[in-house]
1. In segment 404-425, which residue that is over 19 Å from Phe190 (Cβ atoms) and open to solvent by less than 70 Å² (accessible area, probe 1.4 Å) is modelled with the lowest pLDDT?
2. For segment 408-443, give me each residue that is assigned to a helix (DSSP H, G or I) and touching a residue at least 60 places away in the same chain (Cβ under 8 Å).
3. When residues of segment 253-282 are filtered for being open to solvent by 30 Å² or more (accessible area, probe 1.4 Å) and among the aromatic types (Phe, Trp, Tyr), how many remain?
4. Filter segment 338-397 down to residues that are farther than 18 Å from Ile313 by Cβ and small (Gly, Ala, Ser), then give me how many there are.
5. Do the conditions hold for Gly287, that is, is it surrounded by fewer than 24 Cβ atoms within 10 Å (Cβ to Cβ), of a type in the set (Gly, Ala, Ser) and in contact (Cβ under 8 Å) with a residue 60 or more places away in the chain?
6. Consider Ser319 carefully, then state whether it is open to solvent by 30 Å² or more (accessible area, probe 1.4 Å), in contact (Cβ under 8 Å) with a residue 40 or more places away in the chain and either out of contact with any Ser or Thr (no Cβ under 8 Å at 6 or more places or on another chain) or of a type outside the set (S, T, N, Q) (or both).
7. Going by what's in this entry, would Asn375 be described as at pLDDT below 95, of a type in the set (S, T, N, Q) and either more than 27 Å from the chain's Cα centre (by Cα) or open to solvent by 20 Å² or more (accessible area, probe 1.4 Å) (or both)?
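The values are calculated or read from the model by the stated rules, or taken from the named source; none is laboratory data. This structure is a prediction, so every number in the text was calculated from the model and none was measured. Reconstructed Cβ throughout: ideal geometry from the backbone, glycine too, with neighbour counts over all protein chains shown. Accessible surface areas use protein heavy atoms only, side chains included; no ligands, DNA or RNA. Shrake-Rupley method; radii C 1.70, N 1.55, O 1.52, S 1.80 Å.
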Amino acid sequence: MITPAFELTQDPDFLTVKIRVPYARASEFDIYFEGEDFKFYAKPYFLRLTLPGRIVEDGREKASYNTDEGTFTIQLPKEVPGQYFEGLDMLTSLLAPKKSRSAKPLVEEMAASAELSEENEEEFDWEMEQIPYEESITPLQHPYGFGNLRSGVFQRLQDELSDVIDVKDPDQTPAEERRRKRLAAEAAKFEPDHYLADFFEDEAIKHLLKYKPWWIDAHKKMTALKGESHQEHDSSAFVVFSEEEREQMRKFTNKSYLLDKRSRRHVYLGLIDILLAYCYEICVNEGDKNVESSWNIRKLSATLCWLESFSCIHDVLVSFGRRVLCYPLYRHFGLVTRAFNDTVMILQLGKAAVLKCLLDIHKIFMESDPAYILNDLFITDYCIWIQKVKSKKLAALCESLQKTTLSKSHVGLELEELEAAAVLVQEEEKALKAAGTVSKQQLLCSESETSDSEESSSTSSSETEGSDSDEQESSTSEDGEINSFQGTLQEERTAPLIDCNGLRQGTDTSAMEVGDGKSKVSLQSPTPPGKLVEELEMQIHSAMRLSEQPEGLATAGCVSQEQEESPVPKADRFSEDAAGKGNFLEVSPKPNPLLFLCSTNED
């Protein structure tokens, strides 16, 4: 038998059931309804519903069939006109048979008798091998999962689940130790630089906070209707399930959960934790799904990632806030507050909105290879359980959540101290930047002054160049005079020279050096023209003084060398007489240039 697609709506007097049965024989169908039971059969389709309210057969019932759409529309009168039927969109709960709503456990352990019959006793083998008894300690199993109803799962699926959860070997790890390890991991993962970067450069965060998911509009509509009338309204007016979501609910197997008070508390708090992570994911991705969606939800929920069992709502908020500031891409406290407000809205919309979110999470995990196991541990059970939760309990949970506050100091990561220190550093940087601007302006002023001085110096240099050109012209004229003077001097060089003793030598002289014991004067001195003329005059006067000196004052020795074309014997050395006069003994007939080395006592 095939369970057809269906949906239920209501008005004050009637309950309407719309059933889609394509390719069914419209002439062969059966409908049965009484009290809370409704049954429909049209081969090969069969539908059995357990309604949240009573219906009656009083002649007002109607049924019609649309051949184009292949749908039956059946109107059933309410036993109590005006009664509101709650949970008409909880399809999995409606499909459950009435007897399955009892509190009986789904599995019962039957204890078999250990007594043996006489025949079995006779057949007992007394010669069996005996093994010494060794006391083995059975490892303590620490439960986890929805309502802490699972254990031992990780022993079989350790390889698959190692990438899904952060706690290692959860079957051997108590809940208290899981919590300690989680807090230590969060403290080690927190990065102040990443947090401060998102805190100061928050343009992207502000853009994300502007996104409005579907529950904001639904909440506005609900608030507007409540303002007009204080009556309860069907949640289907604000929350609409898609055909895909309805198909998901039809595939779920109906279950009943035996939860004690403590387990129920853990389930409610775990629901808040999962919804917070889901709201963060929807906000940062603006409703679009990507490959990181599964990671974001399970990483931000300690219930899913560390198998945490919370004891109060405040612990849930602190855990979520810490994980938002430690793990995802956007780590801003404003996103924590936004997820908190969104979760409150979803709970206020009722269990239909909660179920819609859980179905979306179920779909995200189904499309992620390792995360699908979390559906078996948590999400599938949450999707079935939420359909049977009383709306009053969900409203009370929402009210408790609203009364709980979360601040940055509660997170325990010293956020306020970090922000204050960062603000001080920012102010110092601004002050240094302002000082740098002033110094830059001063530098620009000094550069302008320097450029002005360079312009003036360039002007003076141009004037200097003009004067240099004038000096070059004058020096050119002076060089002409010097050249003429040097010609005259060259003629004098060819004239006979007088030695220190008054001897006349008629030779050609090519070089002459006059020594005063301090320096030698060259005719080709690189000194300025005017100075050169003065030196030449001094040389001439010195030569004249040497020729006019008395014999008694001359103390220098003169050496002469003569060079001729034909070879001759070398000249004899000079000798000194008793008076200390240096005289040449014999002058060589060889016409050589003379080199006079004279020294006087005048200085």
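1. In this case the residue turns out to be Val423.
2. Lys408, His410, Val411, Leu415, Leu418, Glu419, Ala422, Gln426, listed by residue number.
3. Selection size over segment 253-282: 2.
4. Residues meeting the conditions: 6.
5. Numbers: surrounded by fewer than 24 Cβ atoms within 10 Å (Cβ to Cβ): yes; of a type in the set (Gly, Ala, Ser): yes; in contact (Cβ under 8 Å) with a residue 60 or more places away in the chain: yes.
Criteria met by Gly287.
6. No; evaluated as a whole, the condition is false for this residue.
7. Values: at pLDDT below 95: yes; of a type in the set (S, T, N, Q): yes; either more than 27 Å from the chain's Cα centre (by Cα) or open to solvent by 20 Å² or more (accessible area, probe 1.4 Å) (or both): yes.
The answer is yes for Asn375.
Yes/no matrix, rows are residues, columns are (1) under 18 Å from Leu91 (Cα atoms); (2) modelled with pLDDT under 90; (3) small (Gly, Ala, Ser); (4) not in a strand (DSSP E or B):
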{"position": "Thr9", "(1), (2), (3), (4)": "yes, no, no, no"}
{"position": "Leu15", "(1), (2), (3), (4)": "yes, no, no, no"}
{"position": "Ala26", "(1), (2), (3), (4)": "no, yes, yes, yes"}
{"position": "Phe40", "(1), (2), (3), (4)": "yes, no, no, no"}
{"position": "Arg54", "(1), (2), (3), (4)": "yes, no, no, no"}
{"position": "Gly59", "(1), (2), (3), (4)": "no, yes, yes, yes"}
{"position": "Tyr65", "(1), (2), (3), (4)": "no, yes, no, no"}
{"position": "Asp68", "(1), (2), (3), (4)": "no, yes, no, yes"}
